[in-house]
Structure formats: structure tokens, C-alpha cells
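The values are calculated or read from the model by the stated rules, or taken from the named source; none is laboratory data. From a predicted model like this one, the values you see are computed outputs, not experimental measurements. Ideal geometry is used to build each Cβ from the backbone, glycine not excepted, and the neighbour counts take in all protein chains shown. What goes into the accessible areas is simple: the full protein's heavy atoms, side chains included, and nothing from ligands, DNA or RNA. Shrake-Rupley method; radii C 1.70, N 1.55, O 1.52, S 1.80 Å.
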Amino acid sequence: MPSPYDHQALPDFEAWQQRMQRKPTLLGRLTRRVQARLNALLPEKLHKALTVAIQKMVQGVLFGSMHTTRKPLTDTALAEREALVRTRIRYYRNTAAAEGAATGAGGFLLGLADFPLLLGLKLKLLFDVAALYGHDVRDFSERLFLLHIFQLAFSSQHTRNEIYQRVATWETYRHTLPTDVNEFDWRTFQQEYRDYIDLAKLAQLIPVIGAAVGAVANYKLVEQLGETAINCYRLRWLADEARLANTVGPT
């Protein structure tokens, strides 16, 4: 039976669902075409190198964090889980802002170092959130779910529409997932992520304003990822509740 908190969270969740399923705007379509043309100008060797680099970074965190993440939280109401989740989001958000300010103030080379540091913080946040919602990240499909959350947060609206449909039907879609992480579409993953954050992160390399830009950009990016994760797990929580209700049947 839904709790008062479930009903309280529902309007925000439904608004998020609508945002995830919007059609791309005219500006969004134009931006996507421009980015596609810019990406086409890059040598294929560079695309492959960037894909491999980001794949290895993400895989390193995915399999490293798997052994350091807390055990899944069980027998806990949604309200209590989400209070803990928001505490973790605040922690990672503030850490990312401090890291962005430090690397932004350090000039070009330290600004470049921000990319892998921020990526690691974002993925570690997702591991913590998964555990607080009761999911075991030792399960390979659960780690792939984290990548889908990441893509949903940092992609164009066109790609976001596709990823949302996968997340919304996860219990069915998970059975079609590759059994080898190398078969994941890393090219799309890295390209959408770079295209999404390029402008914000490039401004971080500018002298004088880099520290402020780095702090604000990192703060907002982590906050956005956290909210996306909350709603993705709410989606699964509600689906599980519906399946349980159908199993139990009317009383």
C-alpha cells in the first residue's frame, strides 16, 4: 500500500517522466546536427582513442567501486531511503564543487585533470544510491543500469528518449543486455557525454574565472545526476510495488 510519502513524491516523479519523453526542440535538433558535424571532423583514430580512454576509466570505477560500496539497504521505507540518498548527493555535490574550484584555479593542466576526477565521483555516487535503494551492484545488470542512468542525465533529448524507454521497461530490457561489458555502446556513451558537458567544462579552463565556473558546473552536474538517479530508482520501486500488488491480488 502506497505511503503518504509515495503520494508526495509522485508529482515530481511524473514531471520528470514528462521531461524525459519530450520531443527534441528545434534548438536541440540544430545543436545535435552541429555537434554531429563537429564530431565528423575529428579523425576516426581520435574517436577510437577517446572511446577507449573513457571506457577504461568507467570500467575501472565500475569494478573498483563494486568492492567498496555498502551492502544493499533492506526493509526500509522509501521516505527513509530517499533521505539517505539526498544526504549522499549533498556530500558528492559539495566534494565535486570543491574539486572543480581547485582544478579550475590551477590552470590548464589541472583543469584537464578535473574530467577523470569528476567522472569517478559521479559513478561512485551512483553506486551509493543503488545500494540505498536496495540493489546489489555485484549483479552485472545493476552496473549496466548505472550506465543507463548516467546516459539519461548527460545526453541529448533524442538519445534521452531512447534511454528512458529502456529504463522504464528495465525488468524486460535487462534480459537483452550483453553479458560482456565490452559489448556496451561505449562510442555513443562517450560522445553524448562529451557533447553535453563540453561548453561548461571548457569555460573552466579560462584563467581567473575557471575556479568559479568549475565549482558551479560540477555542483550542477552532480545534482542533475543525483535527481536522475532518484527518479530512475523510483521508476523501479513503483514497478516492483505494482508487481507485488498484482501477485497478492485484491484483499
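Reported count of residues in segment 79-127, each being open to solvent by less than 60 Å² (accessible area, probe 1.4 Å), touching a Leu at 6+ places or on another chain (Cβ under 7 Å) and at pLDDT below 75, is 2. If I filter segment 165-182 for residues that are touching a Pro at 6+ places or on another chain (Cβ under 9 Å) and open to solvent by 10 Å² or more (accessible area, probe 1.4 Å), do I get at least one hit? No. Considered as a group, the residues in segment 196-235 that are of a type in the set (D, E, K, R) and buried (at least 18 other Cβ atoms within 10 Å of the Cβ) include one that is modelled with the highest pLDDT, and that residue is ARG234. The single condition from (1) surrounded by 11 or more Cβ atoms within 10 Å (Cβ to Cβ); (2) over 30 Å from ARG243 (Cα atoms); (3) modelled with pLDDT of 75 or more that ALA36 fails is (3). Filtered by the rule that a residue be touching a residue at least 60 places away in the same chain (Cβ under 8 Å), exposed (fewer than 15 other Cβ atoms within 10 Å of the Cβ) and part of a loop (DSSP other than H, G, I, E, B), segment 1-32 gives PRO2, SER3, GLN21, ARG22, LYS23, THR25.
Listed by first and then second residue, the pairs linking a residue in segment 125-152 that is free of Cβ contacts under 8 Å to residues at least 40 places away in the same chain to a residue that is open to solvent by 10 Å² or more (accessible area, probe 1.4 Å) and not acidic (Asp, Glu), with Cβ atoms under 8 Å apart and 6 or more places separating them unless they lie on different chains, are SER141/ARG174; SER141/LEU177; GLU142/HIS135. Does THR51 satisfy being hydroxyl-bearing (Ser, Thr, Tyr), over 29 Å from SER3 (Cα atoms) and open to solvent by less than 50 Å² (accessible area, probe 1.4 Å)? Yes; evaluated as a whole, the condition is true for this residue.
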